[in-house]
Amino acid sequence: MAATSEALLQVLCSTGPSISHTRLCPNKSKFLVSTNQGLRFRSEKVKFSRHKSYNMISAFHYGPNVSDRLRSLTCKCRKIDSVSDVISEKNDPLLKGDIATNGNGTFSSSLNIGGVNSIEEEAWELLRASMVYYCGNPVGTIAANDPSDSSILNYDQVFIRDFIPSGIAFLLKGEYDIVRNFILHTLQLQSWEKTMDCHSPGQGLMPASFKVRTVPLDGDDSATEDILDPDFGEAAIGRVAPVDSGLWWIILLRAYGKCTGDLSVQERVDVQTGIKMILKLCLADGFDMFPTLLVTDGSCMIDRRMGIHGHPLEIQALFYSALLSAREMLIREDASADLITALNNRLVALSFHVREYYWIDMRKLNEIYRYKTEEYSYDAVNKFNIYPDQIPPWLVEWMPNKGGYMIGNLQPAHMDFRFFSLGNLWSIVSSLATNDQSHAILDLYEAKWRDLVGDMPLKICYPALEGQEWRIITGSDPKNTPWSYHNGGSWPTLLWQLTVASIKMNRPEIAENAVKVAERRISKDKWAEYYDTKRGRFIGKQARLFQTWSIAGYVVAKQLLDNPDAAKVLVNVEDTELVNAFSCMISANPRRKRSRKGINQTFII
Ligand code: GLC
């Protein structure tokens with residue numbers, strides 16, 4: 001990389017003088033070091049002049065002591081009320097309406113909802129109004145833009161997972177800047193070490209969310225500065241780790257390249273490093289016996305205690321998709337050969353494991369029902385020692401003759417039989433599910449339409465935990481009461497994932513029908529975050545209104561149904577090498593015939 005024209009900004013680690021991390025930044029860079037709430041962690045601000053930040057390039061050199069303690073990125077700005085000038089300089093479409101600041105770096109255009117012609121137009125207006133700016137450039141969308149909400153919590157932040165449908169909507173509309181900025185700015189946040197109670201886990205984690213804070217510039221009353229302030233879970237309710245963020249980031253990066261045809265972003269040194277850091281974190285050895293990712297409860301869209309610790313399907317599907325996407329984008333060079341080998345091996349093992357052990361349909365359920373237990377041997381059929389009594393009574397009735405799905409989680413002696421929408425839909429999109437399994441999942445949606453779509457698409461999971469199970473598994477969580485929020489609530493944002501999946505399987509009518517159901521209420525109900533009750537009849541007890549990913553999810557569903565070909569930017573097609581390796585594993589499967597040799601086999605593609 002041509003570094004000579006860039007000033008070298010060196011981020012000193014707080015534990016000593018060794019330089020662990022260097023970035024190439026524009027001129028006039030300097031440091032500020034301040035104390036963060038009396039903790040031993042130093043809060044370091046990187047400053048540089050406005051506009052320059054937009055073009056900032058980073059290069060990482062990982063020394064032996066990678067312990068930089070950055071807290072926030074800042075850039076100097078003029079007063080907030082002059083930012084419209086900045087936007088006008090960039091000819092932003094927002095200027096077509098009046099711009100008002102709603103604080104926190106977000107600007108809302110004054111909406112004239114009554115005047116818009118269609119739900120789609122309204123959605124676009126709202127989506128634009130949710131845009132968040134950093135130093136005058138759009139970098140994301142706020143989670144919810146509900147003016148009537150008095151307890152905003154962290155809904156005034158840009159969530160990585162929430163931005164994905166927004167990003168896709170902008171990409172499909174040909175508005176690329178916001179996505180590019182989002183990708184590059186969140187990348188800068190990635191390298192900042194997350195710390196909680198003096199503990200610093202591995203690098204590579206992407207934040208759950210970030211906030212743009214506009215604060216007065218020290219010693220200068222006439223100026224403000226924007227600060228990018230990330231939350232890696234250390235401030236989040238329940239201190240949940242955002243495992244999905246990095247996986248979504250990779251998926252969006254690939255979609256950006258495919259949509260724009262501009263591969264220069266994914267080829268940048270810092271972006272390649274970012275991909276590798278995420279992969280290294282995910283592929284690191286641990287105590288785990290399974291190829292699936294082991295995570296704590298609440299590490300994805302369901303970011304509260306819901307009994308999904310272990311190996312939840314949603315994370316596995318995103319992991320698989322991110323591995324395939326990364327493989328496409330990683331530049332082949334000697335230095336990354338080992339990583340790519342590890343990635344390939346994991347892909348094979350992961351797809352085998354999930355397809356074989358997470359899948360249930362009538363046939364498999366009947367097999368489990370007749371399982372023998374306590375099998376000590378390499379050839380065990382009931383490998384995970386599942387007691388047939390675990391099959392819940394609701395499932396015996398609920399499983400249709402035609403259709404099936406991936407269970408929510410698999411652990412020793414434990415199958416979580418709940419149906420989780422996002423994990424199943426993304427298994428289709430990523431080709432983690434086989435072609436037959438993918439069709440069967442869509443068959444299930446059709447067979448169980450009332451339960452999974454009901455009055456408002458889409459159930460986040462089915463069924464709800466009730467009674468003693470709810471008390472034990474959620475810890476009597478009053479927000480996750482039965483058929484509310486994460487516990488069997490209905491989330492309009494999931495429409496876009498349903499649309500990608502049904503287009504991929506050439507069954508777009510499923511998504512079309514779900515969109516029609518949503519259109520009956522979604523705008524009248526002010527784009528609620530989620531719905532409660534078995535059929536999704538009520539707006540959720542604590543649901544935010546004008547929830548951005550409800551808006552963006554709808555927009556993306558409509559865009560894709562209009563132009564199904566565009567779904568390709570998100571879909572991972574199954575590659576033949578993987579299929580071959582997979583069939584080798586199938587033939588080594590104990591349910592057919594298992595030899596000791598088969599267990600130790602590794603696959604190098
Ligand atoms: C809730 C959701 C989470 C989402 C966040 C912001 O916490 O569970 O998935 O990212 O709100 O909308």
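Bear in mind these aren't lab numbers, they're just calculated from the coordinates by the rules spelled out. Keep in mind it's a predicted model, so treat the numbers as computed, not measured. Every residue, glycine among them, receives a Cβ derived from its backbone with ideal geometry; neighbour counts consider all protein chains shown.
When you work out D = kT/(6 pi eta Rh) for region 222-347 at 20 °C and 1.002 mPa s, using the Kirkwood radius from C-alpha pairs as Rh and the Stokes-Einstein form, the result is 134 µm²/s. Of the chymotrypsin sites (Phe, Trp or Tyr not before Pro) found in region 296-391, the ones in coil according to DSSP and having at most 10 other Cβ atoms within 10 Å of their Cβ are 376. Packing, taken as the mean count of other beta carbons within 10 Å per residue, orders the peptides 161-172, 212-223, 505-516 from highest to lowest as 161-172, 505-516, 212-223. Packing, taken as the mean count of other beta carbons within 10 Å per residue, orders the peptides 453-461, 330-338 from highest to lowest as 453-461, 330-338.
Positive contributions from Lys and Arg (+1) and negative ones from Asp and Glu (-1), summed over other residues with Cβ under 12 Å from the Cβ of residue 339, come out at +2. The three principal axes of the C-alpha atoms in region 392-532 carry coordinate ranges of 41, 39, 25 Å, sorted with the longest axis first. Using the Stokes-Einstein relation with a Kirkwood hydrodynamic radius computed over Cα pairs, the translational diffusion coefficient of region 347-461 at 37 °C and a viscosity of 0.692 mPa s comes to 222 µm²/s. Using only the Cα atoms of region 283-354, each taken as one equal point scatterer with no solvent, compute I(q) by the Debye sum, divide by I(0), and report log10 of the ratio at q = 0.28 Å⁻¹. Normalising to I(0) and taking log10 leaves -1.29.
For the pair region 292-325 and region 121-188, the centres of their Cα atoms are 23 angstrom apart. Projecting the Cα atoms of 548, 571, 538 onto the dipole axis of region 511-573, where Lys and Arg carry +1 and Asp and Glu carry -1 at the beta carbon, places 538 farthest toward the positive end.
The translational diffusion coefficient of region 424-496, from Stokes-Einstein at 20 °C and 1.002 mPa s with a Kirkwood hydrodynamic radius over alpha carbon pairs, comes to 161 µm²/s. Evaluated over the Cα positions of region 444-592, the convex hull gives a direction-averaged projected area, one quarter of its surface, of 11.7 nm².
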